[in-house]
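What follows draws every value from the coordinates through simple rules; no lab data is involved. The model shown is predicted, which means the values in this text are computed figures rather than measured ones. Glycine also receives a Cβ, built like all others from the backbone with ideal geometry; neighbour counts cover every protein chain displayed.
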Amino acid sequence: MTTHHPDVTLLAHNYVRPDVQAAADFVGDSLELARLARDRVDTPYLVVAGVDFMAETACLLNPTKTVIHPEPFSRCAMALRLTPEDVLAARKRYPDAAVVAYVNTSAEVKAVSDVCCTSANAVDIVNALEEETVLFVPDRNLALYVAARSDKRVIHVPANGCCPVHHALTAEQVRETRRSYPGAEVMVHPETTPEVQAEADFIGSTSGMLKHAVQSTSRTMIVGTEIGLIPLLEKAAPGRRFIPASPYLVCTDMKMITLDVIEEAIERKGPIVTIPEPIASRARNALERMLTLSRG
C-alpha cells in the first residue's frame, strides 16, 4: 500500500498475491487471522484480503470491530456449493448426527451447524464430539480424510462438495512432478483427493505445511496446495526449494484482491461486512465451540 493507515489492520490469507502478503500486518489461514484480530489488534477497522467466508469469520469473532472485504466478488467456490437448506435436510435424514461445518462455509451454514472446524483441527473436533454420527460439510475430501482417522461415522454433505482447485490436482500430476525432482518430499492439503493424498509424504493444512517445512530435512519439497503458500514457505524455510505439484493450483478468487483494490477500500471504508441476527449469534456459537474444543 502507498500509505500507512493507523486505524486499519490488514489481514492477508496465505493464498493471496505475494505483494498483498508483504503489505499485510498479519498473514495466515482464515482462523489464525480472525483469532489474531480478536486477541492482538486494537484498530477499529479490519481489512480482510481473502474470500468472502474469511471476512465473515473475522466479523463473527470481532463483533466490536468494523470488517471490510475489499472485493465482494472474491468468493469461495466450495462455500457456494452448500446452503442452509441442504444442512437442514440432512439433519432430518440423520436426526442423531452432529453437524460439523468446515470454516469454509457461509455464516448462514455455520448458523445451522453444531460446531466448526478447520483443516488443521478437523480430526480432533470430530473425535471430541459425543455423537457417533457426524454430518461433515461441505468438503468431501476433507471428510474422507477425517473418516480415515476416526471411529465415527462421517457422512459428507453435499455429495460433490470440494475445493475446485485442490480437487483438480491428480495423482498422475504429483507423480510426474516427483519424477522431475527425484528425492523431493511431497506435501499436500487434505482438500485434495484420497488418490493424491496416497502419493504424499505429508498431509496437512497450510499452517501445518509451514511448520513441517521448517522441521523437514528435505532440500526440495513438492507442494500440493494453492501456489500463494510458496513465498511463505520460502520465507519460513530459506535454502529449500518449493515446487508446485501442478502449475494450475491457482485460486482466481484469491488473486482478485490487489493492493489497488485494498487501498480503495480503505479510503472509502467499505464494503463493510454485516451479518444479521440471529444468524450472527448462532454462527458465532459454532465457531466459539470449536475454539473451546480445540483448547480441550
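Structure values in brief
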quantity	calculated
Within-12-Å neighbourhood charge of THR225 [Cβ basis; K, R +1; D, E -1]	-3
Value in Å of the Kirkwood radius, where the stretch 1-102 supplies the Cα pairs that are averaged	14.9
Sorted largest first, extent of the chain alpha carbons per principal axis (Å)	54, 52, 32
For the stretch 170-248, convex hull volume per residue from C-alpha positions, Å³	78
5 angstrom amide H check on ALA49, placed H, neighbours 5+ away	LEU11, ALA12, HIS13
Order of HIS69, HIS166, HIS5 - criterion: other Cβ atoms within 10 Å of each residue's Cβ, fewest first	HIS5, HIS166, HIS69
Reachable lysines from LYS269, criterion Cα separation under 17 angstrom, eight or more residues apart if same chain	LYS65
Given charges at Cβ of Lys, Arg, Asp, Glu: the chain dipole, positive-most of PRO95, ALA107, LEU233	LEU233
Unit charges on C-beta of K, R, D, E only; dipole of the stretch 116-202, Debye	180
Karplus 3J(HN,Hα) series, Hz, for the stretch 115-125 with 6.51 cos²θ - 1.76 cosθ + 1.60 (x for Gly, Pro)	7, 9, 8, 10, 5, 6, 10, 4, 5, 5, 5
Fewest-first ranking of LEU229, LEU33, LEU293, using other Cβ atoms within 10 Å as the exposure measure	LEU293, LEU229, LEU33
Dimensionless Rg ratio for the stretch 231-296, taking C-alpha atoms and the 2.2 N^0.38 Å reference	1.74
Selection from VAL174, VAL20, PHE53 lying farthest towards where the dipole of the chain points positive, charges on Cβ	VAL174
Only Lys, Arg (+1) and Asp, Glu (-1) charged, at Cβ; the stretch 109-148 dipole about Cα centre in debye	220
Listed residues GLN215, GLN197, GLN21, most fluctuating in the chain (Gaussian network, C-alpha, under 10 Å)	GLN215
